[in-house]
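Step one of this worksheet: look at the structure below.
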Amino acid sequence: MLTSDFIQSAARSAGFDACGAVVLSALPDDVLRNFDEWIRRSYHAGMRYMERHPQKRADPRLLMKSGARTAVVTLFSYKPQRRQPPHLPQVSCYAYGIDYHEALKQKLWTLLAALQAEQPALRGRTLVDTAPLQERYWAAAAGLGWLGKNGMLISKELGSYTFIGVLLLSDEVESVAKPLKNRCGSCTRCVNACPAGAILDSGRVNARRCLSYRTVEKYSNPLQGDEASVAEDEKTATPRYVFGCDICQEACPWNERAKTAAHDEMQILPQLLTLTAADWLAMSAEEFDKIFEHSPIKRATLQGMKENVRATERAES
Ligand code: SF4
Ligand code: SF4
């Protein structure tokens with residue numbers, strides 16, 4: 001059986017900042033009920049894909065045809081070394097570098113290859129935000145942190161500026177994971193800081209209000225019909241963010257003390273240090289495609305980014 005030490009060492013060699021393994025089971029009823037209620041209340045906004053494959057979400061062992069036994073959960077920090085100047089239209093720092101799907105998938109394949117070199121019959125499936133899996137729940141179950149009031153996974157060492165990559169395995173491995181105590185305590189900094197009133201209770205976020213949905217996801221997963229007009233009513237003044245939002249994370253004390261990532265892939269695109277609102281509004285499709293070819297920002301589309309920039313200008317006027 002692969003040991004926990006071996007897996008953690010292979011994960012570090014593959015470039016991850018933290019790693020834990022957990023033997024898979026069905027999701028606990030209370031976690032499932034919480035998720036179902038979130039969907040029933042349409043807090044997932046236009047992200048209809050979250051309604052799909054409920055059986056697999058409820059029991060991630062079904063995510064591999066032959067049955068997954070273990071989840072090796074990895075964290076990759078994106079806490080930036082350098083931030084955008086504050087007077088510029090702001091981009092969430094998860095999007096400063098290259099698309100995290102690209103960055104993490106390769107590392108997960110490298111990790112799987114290292115585990116298979118030790119145990120050749122082992123089969124695996126790599127997941128980066130692309131399957132019906134409660135990644136944050138499983139990361140907490142793997143002992144990597146706890147779920148904060150803003151729904152983010154909070155690591156004691158890395159804070160919440162982390163991407164989660166998951167490697168499902170066909171076999172059991174040694175798991176020494178002990179879920180950590182929730183250390184939010186009486187803190188409500190993230191709830192108070194959110195400009196959209198999007199943070200509800202028990203770690204739930206209403207995506208219809210959240211700027212991360214309204215500046216990114218809505219362009220690929222829009223609300224339809226009546227829902228769209230209700231969401232218009234829910235709009236609040238849009239602060240300086242034009243792609244994503246870090247406000248609740250900036251407020252979290254665990255991020256102040258978190259280590260800063262030095263990963264090449266997460267270094268800020270030089271253009272994000274200088275692009276003004278006027279530059280964004282004058283940008284051509286060719287320039288956008290060239291600058292953001294490997295960036296998550298392309299998900300919002302150029303038209304979407306211009307709409308977001310205009311919204312911040314309206315809010316400031
Ligand atoms: S990302 Fe921004 S809008 Fe969304 S919950 Fe956090 S502070 Fe609120
Ligand atoms: S700001 Fe406070 S309540 Fe929110 S996640 Fe961080 S520690 Fe928890």
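In summary, Ala114 fulfils each of the numbered conditions (1) in contact with a helix residue (DSSP H, G or I) (Cβ under 6 Å, 6 or more places away or on another chain); (2) not assigned by TED's automatic domain parsing to the domain that holds Asp59 with the single exception of condition (2).
Looking at Pro179, Pro222 in this structure, which one is within 27 Å of Met47 (Cα to Cα) and either out of contact with any Gly (no Cβ under 7 Å at 6 or more places or on another chain) or surrounded by fewer than 18 Cβ atoms within 10 Å (Cβ to Cβ) (or both)?
Pro222
For region 131-154, check the following and say yes or no: at least one residue is on the phi < 0 side of the Ramachandran plot, open to solvent by less than 10 Å² (accessible area, probe 1.4 Å) and at pLDDT below 95. No, the conditions are met nowhere in region 131-154. Restricting attention to region 56-77 and to residues that are of a type outside the set (Gly, Ala, Ser) and crowded, with 22+ Cβ neighbours inside 10 Å, the residue that is nearest to Phe6 (Cα to Cα) turns out to be Val72. Could you check, for region 161-176, whether at least one of its residues is among the hydrophobic types (A, V, I, L, M, F, W, C), within 10 Å of Lys149 (Cβ to Cβ), touching a Phe, Trp or Tyr at 6+ places or on another chain (Cβ under 8 Å) and open to solvent by less than 60 Å² (accessible area, probe 1.4 Å)? No, region 161-176 contains no residue that is among the hydrophobic types (A, V, I, L, M, F, W, C), within 10 Å of Lys149 (Cβ to Cβ), touching a Phe, Trp or Tyr at 6+ places or on another chain (Cβ under 8 Å) and open to solvent by less than 60 Å² (accessible area, probe 1.4 Å).
Across region 285-317, the qualifying residues are those that are without any contact (Cβ under 8 Å) to a residue 40 or more places away in the chain, open to solvent by 40 Å² or more (accessible area, probe 1.4 Å) and part of a loop (DSSP other than H, G, I, E, B), and the one among them that is farthest from Lys218 (Cα to Cα) is Ser317.
Say whether the condition of being modelled with pLDDT of 95 or more and among the acidic types (Asp, Glu) is met by at least one residue in region 232-250. Yes: region 232-250 contains one or more residues that are modelled with pLDDT of 95 or more and among the acidic types (Asp, Glu).
Scanning region 57-90 for residues that are over 23 Å from the mean Cα position of the chain (by Cα) and closer than 30 Å to Asp29 by Cα yields a count of 4.
The residues of region 144-192 that are β-branched (Val, Ile, Thr) and near ligand 2 (Cβ under 10 Å from one of its atoms), listed by number, are Ile154, Thr188, Val191.
For region 143-168, filtered to residues that are within 14 Å of ligand 1 (Cβ to nearest atom) and in a loop (DSSP other than H, G, I, E, B), the residue that is farthest from the chain's Cα centre (by Cα) is Lys149.
The values are calculated or read from the model by the stated rules, or taken from the named source; none is laboratory data. Computed from a prediction, not measured in an experiment: that's the story for all the values here. Positions of Cβ are generated from backbone atoms using ideal geometry, with glycine treated the same way; all protein chains shown enter the neighbour counts. Surface accessibility is based on the protein's heavy atoms, side chains included, excluding ligands, DNA and RNA. Shrake-Rupley method; radii C 1.70, N 1.55, O 1.52, S 1.80 Å.
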